[in-house]
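Below is one structure, written out as structure tokens; the observations come after it.
The values are calculated or read from the model by the stated rules, or taken from the named source; none is laboratory data. All of these numbers come straight from a predicted model, not from anything done at the bench. Neighbour counts run over all protein chains shown; Cβ positions are idealised from the backbone, glycine included. Surface areas here come from the heavy atoms of the whole protein model, side chains and all, with no ligands, DNA or RNA. Shrake-Rupley method; radii C 1.70, N 1.55, O 1.52, S 1.80 Å.
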Amino acid sequence: MTDYVETMRKILKENGIIVFQDEVLDIDSLRFISVIVQIEEEFGVTIDNKYLGIEYKTLNDYVNLLKDLI
């Protein structure tokens with residue numbers, strides 16, 4: 001089974017976002033799109049527009065997105 005937390009940490013780190021615990025992340029719109037595209041490529045999924053209207057503030061928010069998609 002995929003370790004969603006570590007996978008998301010890696011994706012965020014590759015986009016210049018370092019995560020410590022479950023802090024609120026400061027992600028601008030360009031980085032957000034980059035993270036979304038990388039999630040799609042890494043997991044071979046398409047993220048529906050309904051997920052793009054949600055504000056993802058923490059690592060846990062992104063992990064929950066992965067769990068919904070996979």
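Of the accessible area of the stretch 2-42, with the probe set at 1.4 angstrom, what percent is carbon plus sulfur?
Details: 1370 of 2660 Å².
Carbon with sulfur: 52 percent of the solvent-accessible area.
With θ taken as phi - 60° and the coefficients 6.51, -1.76 and 1.60, list the Karplus ³J(HN,Hα) couplings across the stretch 17-27 in order, rounded to whole Hz; mark glycine and proline as x.
Per residue, the Karplus-derived 3J(HN,Hα) values read 10, 9, 10, 10, 6, 10, 6, 6, 8, 9, 10 Hz.
Could I have the simple spin-label model distance between F43 and K57, label points 7 Å from Cα toward Cβ, reported in nm to one decimal?
In this crude spin-label approximation the distance works out to 2.2 nm.
For the chain, what does the helix formula give at 222 nm: sum of -39500 (n - 2.57) over DSSP H segments with n ≥ 4, over the residue count, nearest 500 deg cm²/dmol?
On the way: 4 runs with 41 residues, N = 70.
Helix contribution divided over all residues of the chain: -17500 deg cm²/dmol.
What relative contact order, as a whole-number percentage, does the chain give when Cα pairs under 8 Å and 6 or more residues apart are counted? Before the final figure, lay out each step's value.
Details: 47 pairs, mean separation 28.9, N = 70.
Over the chain, the number comes to 41 percent.
Kindly identify the chain as rounded, prolate or oblate by the Cα gyration tensor criterion: order the square roots of the eigenvalues as a ≥ b ≥ c, call it rounded if a/c is under 1.5, otherwise compare a/b with b/c, prolate if a/b is larger, else oblate.
It is rounded, given that a/c, with a ≥ b ≥ c, falls under 1.5.
With springs only between Cα atoms under 10 Å, which of N15, N49, N60 fluctuates most in a Gaussian network model of the chain?
N49
Would you list which lysines come within 20 Å of K13, measuring only between C-alpha atoms, while excluding same-chain residues fewer than 8 positions from it?
The reachable lysines, counting only those whose Cα sits under 20 Å from K13, are K57, K67.
Can you list which of the chymotrypsin sites (Phe, Trp or Tyr not before Pro) found in the chain are DSSP loop residues with at most 14 other C-beta atoms within 10 Å? Before the final figure, lay out the partial values.
Values: sites: Y4, F20, F32, F43, Y51, Y56, Y62; in loops: F20, Y56.
Within the chain, the qualifying chymotrypsin sites (Phe, Trp or Tyr not before Pro) (loop, at most 14 other Cβ atoms within 10 Å) are F20.
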